[in-house]
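Chemist: Quick one: this structure, given as structure tokens, is what I'll be asking you about.
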Amino acid sequence: MSHHPFRFGLVTVSPADPKSWISTARWAQDAGFSTLLLPDLPAPVPAPLTALAYAAAATTTLQVGTWVLANDFRNPFVLAREAATLDLVSGGRFELGLGAGQTAVGYGELGIAAESGRVRFERLAESVGILNALLRGERVEATGTHYANTATTLVPTPPRKVPLLLAAGGRRATELAAAEADIVAFSTFSRDQLTRQVTWLDSAAGPRLSGIERALRFSTPTSTIGPPMPDGAPTLLTGSPARAADQLRRLRDEFGISYIVLDDDAARELAPVVSLLSGT
């Protein structure tokens, strides 16, 4: 298995005034994090694309990205334009993370009907094809079940293909990521499920496999995002920085996980691990 170098993302959900938001972004950059990430959650979490543009303007090397946007909340033609613009004004530092969405999160607040998992996945698959084509600078005429248009081209032409991260929890999403994503974010807290997902990815990706980066969100006993992790979960990092670094090296050897995503508390606790592993 070919390995990507380690890099680290900081995902935050804390509402922030301008001063503290910029302070967080600059701390992440100085601490060696690759990416500052925002989820697509209702208030008080800030609107991700606007807040990320502000963070990018206050930093020089820090990448910014979404962890992850709910596909149903945005038309892909509009989202492609927003993504390309954010990547342009940040100097090529935007990473677009996308998923099918969770019916319990955001739909009611936005007045959007939450369809079945099958329909949400079908929409995601159509949307991903449109987004990737537009971000490659292609002219798109979509005639799908969920999205159709006359003709769309991004102007100006994107200077690069914005990296696409896809969240994948099941087999269909993992196989879609194998076909379309630059980064796959495994949505699991179980070693058995992670093993299955890696097997699905390996089987489906073909010649794309070595180019796909693999991401996973990790917790510590003090983490505040997501459910508490049981002892022994592969996504739970415990002990000294050296011990946590060894755990991450073993997971990369076994599963190819190299993009390590941490919440605010875990990021500050594990900043020494970022220094030890980033780029190695």
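Since every read-out is calculated from the coordinates, none of them should be taken as a lab result. Since the structure is predicted, the reported quantities are computational estimates derived from the model, not experimental observations.
Chemist: Please work out the C-alpha center-to-center distance from the range 87-149 to the range 169-197 and express it in whole Å.
Modeler: If we compute the Cα centre of each part, the gap is 18 Å.
Chemist: A follow-up question, please. Among the DSSP beta bridges whose two residues both lie in the chain, what percent are antiparallel, rounded to the nearest 5?
Modeler: Just about 5 percent of them are antiparallel.
Chemist: If one takes the longest principal axis of the Cα atoms in the chain, at what angle in degrees, from 0 to 90 and to the nearest 10, does the Cα axis of helix 171-180 lie?
Modeler: That helix lies at roughly 70 degrees to the long axis.
Chemist: Running Debye on the range 1-128 with equal point scatterers at the Cα sites and no solvent, what base-10 log of I(q)/I(0) appears at q = 0.22 Å⁻¹?
Modeler: For the range 1-128, the Cα-only Debye profile gives -1.28.
Chemist: What angle do you read, to the nearest 10 degrees and between 0 and 90, between the alpha-carbon axis of helix 117-135 and the longest principal axis of the chain?
Modeler: Here the helix axis deviates by roughly 80 degrees.
Chemist: Two decimals, Cα atoms only, Kirkwood Rh: what is Rg/Rh over the range 62-190?
Modeler: On the way: Rg = 14.3 Å, Rh = 15.0 Å.
With Rh from the inverse mean 1/r over Cα pairs, Rg/Rh is 0.95.
Chemist: Kindly express, to the nearest 10 degrees and within the range 0 to 90, the angle between helix 191-205's C-alpha long axis and the longest C-alpha principal axis of the chain.
Modeler: Around 40 degrees separate the two axes.
Chemist: The range 24-87: percent of C-alpha pairs farther apart than 14 Å?
Modeler: Percent of Cα pairs beyond 14 Å in the range 24-87: 58.
Chemist: A further question follows. Please report, in whole Å, how far the alpha carbons of the range 152-229 spread along each principal axis, starting with the longest.
Modeler: Cα spread of the range 152-229 along its principal axes, largest to smallest: 46, 31, 21 Å.
Chemist: May I pose another question? Give me the Debye-computed log₁₀ of I(q)/I(0) at q = 0.17, 0.23 Å⁻¹ for the range 180-280, equal point scatterers on Cα only, no solvent, two decimals.
Modeler: Each listed q maps to, in turn, -0.77, -1.31.
Chemist: Continuing with this model, one more query. Dividing the convex hull volume of the alpha carbon atoms of the chain by its residue count, what do you get in Å³ per residue?
Modeler: Taking only Cα atoms, the chain has a hull volume of 128 Å³ per residue.
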